[in-house]
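The structure under discussion appears below in the form of structure tokens.
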Amino acid sequence: MTQDDALRSFEKTLRNALQWMDEAAAHAKAKSFEVDVLAQARLAPDQFCFVQQVQGACDQAKYAAAYLGGKPPPSHPDTEKTFDELRQRIRKCLDFVGTVKASDLAGAEERKVAPGWLGGKWLRGDDYLVHVAIPNFFFHATMAYAILRHNGVELGKMDYIGGLPTKDG
């Protein structure tokens, strides 16, 4: 998987998450409760809630795009509390990731990636993508999906995977 493939996969999954949230809103309406109750839902008491899972997925996507594309990452303070605010966060993230073109990723596998949390250490761009960005992005996206599913939102595997670029014949 190339860096461009990874970013496109992150974009697709974030667009799918917007659809999961639409399904959650429809579910809440059908069951007569406010959808934003699900914003604080979690699978376990010591696990991040839905809001934090979405924030985490967005952060992994934007930092991967920034680090690998040689751009400064945008700042998105973790202030979201509602589904509408989370939708805005996802759209901002998608807008930023969309600014990183394949040409920006030339040489990204060799780029030095040194997030502050590494305490002065660094990773090559390809190692950052494989060992940090991809697993963390899909962990948070999967947990967000699972929280909604656990709370009765009728989502299936194809809601997670999304549309397929099939060809005729």
Problem set entry | Residue check for A17: assigned to a helix (DSSP H, G or I), touching a Leu at 6+ places or on another chain (Cβ under 9 Å) and in contact (Cβ under 8 Å) with a residue 40 or more places away in the chain | yes
Seminar exercise, completed: Here the qualifying pairs (Cβ atoms under 9 Å; residues six or more apart or on different chains; first in the stretch 55-77 and within 14 Å of N136 (Cβ to Cβ); second surrounded by fewer than 16 Cβ atoms within 10 Å (Cβ to Cβ) and small (G, A, S)) come out as A65/G98; Y67/A114
Problem set entry | Cβ-Cβ under 6 Å pairs, at least 6 apart or on other chains, the stretch 78-100 side closer than 14 Å to L14 by Cβ and touching a residue at least 60 places away in the same chain (Cβ under 8 Å), far side surrounded by 14 or more Cβ atoms within 10 Å (Cβ to Cβ) and among the basic types (K, R) | C93/K62
Exercise. Looking at this structure, is S9 at positive phi and modelled with pLDDT of 95 or more?
Worked result: no
Exercise. Of the conditions (1) modelled with pLDDT of 95 or more; (2) among the basic types (K, R); (3) surrounded by 14 or more Cβ atoms within 10 Å (Cβ to Cβ), K81 fails just one. Which one is it?
Worked result: (3)
Exercise. If you go through the stretch 20-54 one residue at a time, how many are touching a residue at least 60 places away in the same chain (Cβ under 8 Å) and of a type outside the set (S, T, N, Q)?
Worked result: 14
Problem set entry | Count - residues of the stretch 33-70 that are under 30 Å from A114 (Cβ atoms), surrounded by fewer than 18 Cβ atoms within 10 Å (Cβ to Cβ) and charged (D, E, K, R) | 1
Exercise. Looking only at residues in the stretch 1-20 that are hydrophobic (A, V, I, L, M, F, W, C) and within 13 Å of the chain's Cα centre (by Cα), which one is surrounded by the fewest Cβ atoms within 10 Å (Cβ to Cβ)?
Worked result: L18
Problem set entry | Test result for D59, more than 16 Å from D5 (Cα to Cα), in contact with a helix residue (DSSP H, G or I) (Cβ under 9 Å, 6 or more places away or on another chain) and in a helix (DSSP H, G or I) | yes
For this session: Inspect the stretch 92-102 for any residue being surrounded by fewer than 22 Cβ atoms within 10 Å (Cβ to Cβ), modelled with pLDDT under 95, in a helix (DSSP H, G or I) and not charged (D, E, K, R) and give the result as yes or no.
Result: yes
Exercise. Within the stretch 148-166, is there a residue that is among the basic types (K, R), buried (at least 17 other Cβ atoms within 10 Å of the Cβ), touching a Leu at 6+ places or on another chain (Cβ under 6 Å) and in a helix (DSSP H, G or I)?
Worked result: yes
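The values are calculated or read from the model by the stated rules, or taken from the named source; none is laboratory data. Since we're looking at a predicted model, the values are computed, not measured. Glycine gets a Cβ as well: all are built from the backbone with ideal geometry, and neighbour counts include every protein chain shown.
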